[in-house]
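Written out below as structure tokens is the structure these notes cover.
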Amino acid sequence: MNRYIGISLNDDYTCICINDKTVSRFQPTVIAKDKTEDKWTIGEDAYKATLAGSGVIVDKLLSLLEKNGTATISRVKYKAIDILARYFRELLGKDSNKTEDDIVAITIRKPNRDIVSKLKEAMIKAGVAEDNVYIMSHTESFAHFVLDQDNSLFNRMVGMFELNNQCLYYYEMHVSRGTKRYVMVGSEAEDEAFSLDILKTTSGGKIADKILTTVADRVMNNKSYSAVFLSGRGFQDTNFATNFMNYICKRRRVLIEPGMFAIGAEICVRNKAEGKNEEYMILCDTRSRADVSVKVTLNEKSETLPIVRAGESWMDTSSCYEMILDDQDYIDFQVTSISKPQRPLRLRMMLDTFPERDKRTTRIRMSTEFTDADTLKVTVRDLGFGDIFPASDKEIVEEIDLSEK
């Protein structure tokens, strides 16, 4: 039997959802090793072991991973990937003789190729099959969560506030139901973030309420919403935020789900495992927002060769093609934004520094990969033409800007 698991991971807390999109739980992102034996504990148990003097604690695991850091415990140096693998193993209960096949999605704030690779490696070391591990952003998991709700909750713009320790973010999701059904999702950090410790006092709660109300007034600005969602540990109790709640509830539906990101990740892997196609194309910080193609000639006919398709995860998207130049020293690209399909961008990549040869005697290899969500790197190498025209191995590298300016 499969277990569908969503994990929202940050330095302070981890939220996990297993096989139930209505239940999630938080725990501190910390791990402790026993001083005398190979025994590891996580979360609150790790704190207890440390306070009892039997354990050595390691925290800020995500930052440790990003920095390729290490931790020395009882004179043994552990790599960040190995520590996180042990954390995941304890989190998933991999040492309790369970036989389920886990399908896991981890959601973090800002994925990049490096951190995605490390997270996958750690989860694989924890005992999850490589093909069953997915990494996404909080923005994407928010989209999966909303799209799993009743249609009435996203028939117009959807807003969301995330409140965690020293973390206040506002998200917006726009829905298009035209020929191509898609949602565009974005988020931005708010400078007014504060420590959740201030909520422990009445005066601190009033300050937090004022901050939230001010931010809501600025970012919502009389926009028309289908619904507004609240997420994060800070919204596990909203009694402190009377004015903020009154403001966002005016003529709007407001829903609170502190573990939204973990639940959205669980929904995503469940849908993948069950073979459900996405009804809406998701365009966000982990998905390409545009189609990219190249003009080629195939069997004497002009064709369009797709290089990137909108809605694909840019971290998993790369391509490699070999071509023969037909009396030309350039490659023509077309970039078509999904939100502005009537205004495609045409770009020409010049190859005039390659050796001059007769018509159809220059073979090239064109490879593409994203460096980030908005930048597609194109590398073209001269392969020559057999023994007649040896390869010069010259390369030309250019970047295509896919950001919508």
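Scanning region 142-184 for residues that are modelled with pLDDT of 95 or more and β-branched (Val, Ile, Thr) returns VAL146, VAL158. Can you say whether THR214 is over 14 Å from TYR171 (Cα atoms), touching a residue at least 24 places away in the same chain (Cβ under 8 Å) and open to solvent by 10 Å² or more (accessible area, probe 1.4 Å), as far as the supplied structure shows? Taking the combined requirement at face value, the residue does not satisfy it.
To keep it simple, each residue is scored yes or no on (1) modelled with pLDDT under 95; (2) open to solvent by less than 10 Å² (accessible area, probe 1.4 Å).
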| position | (1), (2) |
| --- | --- |
| ALA80 | no, yes |
| PHE88 | no, yes |
| ASN97 | yes, no |
| LEU119 | no, yes |
| MET123 | no, yes |
| GLY127 | yes, no |
| ILE135 | no, no |
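Of all the residues in region 166-198, those that are more than 22 Å from SER339 (Cβ to Cβ), open to solvent by less than 50 Å² (accessible area, probe 1.4 Å) and among the polar types (S, T, N, Q) number 1. Among the residues of region 305-318, is any in contact with a His (Cβ under 7 Å, 6 or more places away or on another chain), open to solvent by less than 10 Å² (accessible area, probe 1.4 Å) and not assigned by TED's automatic domain parsing to the domain that holds GLY186? No.
The residues of region 354-405 that are small (Gly, Ala, Ser) and under 31 Å from the mean Cα position of the chain (by Cα), listed by number, are SER367, ALA373, SER403. Highlighted here are the strands (runs of 3 or more DSSP E) found entirely within region 123-205 that include at least 2 residues which are aliphatic (A, V, I, L, M) and within 16 Å of the chain's Cα centre (by Cα): 133-137, 181-189. When SER367 is tested against (1) at pLDDT 95 or above; (2) open to solvent by 80 Å² or more (accessible area, probe 1.4 Å), just one condition goes unmet, and that condition is (2). Take the conditions more than 13 Å from THR317 (Cβ to Cβ), assigned by TED's automatic domain parsing to the domain that holds TRP314 and either in contact (Cβ under 8 Å) with a residue 40 or more places away in the chain or part of a loop (DSSP other than H, G, I, E, B) (or both) and apply them to ARG357. Does it pass? Yes: the conditions hold for ARG357. Quick one: in region 373-388, of everything that is open to solvent by 50 Å² or more (accessible area, probe 1.4 Å) and part of a strand (DSSP E or B), which residue is farthest from THR353 (Cα to Cα)? Top of the filtered list is ASP387.
Restricting attention to region 260-291, and to residues there that are part of a loop (DSSP other than H, G, I, E, B) and within 16 Å of the chain's Cα centre (by Cα), which single residue is surrounded by the fewest Cβ atoms within 10 Å (Cβ to Cβ)? The qualifying residue surrounded by the fewest Cβ atoms within 10 Å (Cβ to Cβ) is ASP285.
The values are calculated or read from the model by the stated rules, or taken from the named source; none is laboratory data. Fair warning: this is a prediction, and the values are worked out from it, not measured in the lab. Using ideal geometry, Cβ is built from the backbone for each residue, glycine included, and neighbour counts are taken over all protein chains shown. For the accessible areas, the whole protein counts, side chains as well, though only heavy atoms, and no ligand, DNA or RNA atoms are used. Shrake-Rupley method; radii C 1.70, N 1.55, O 1.52, S 1.80 Å.
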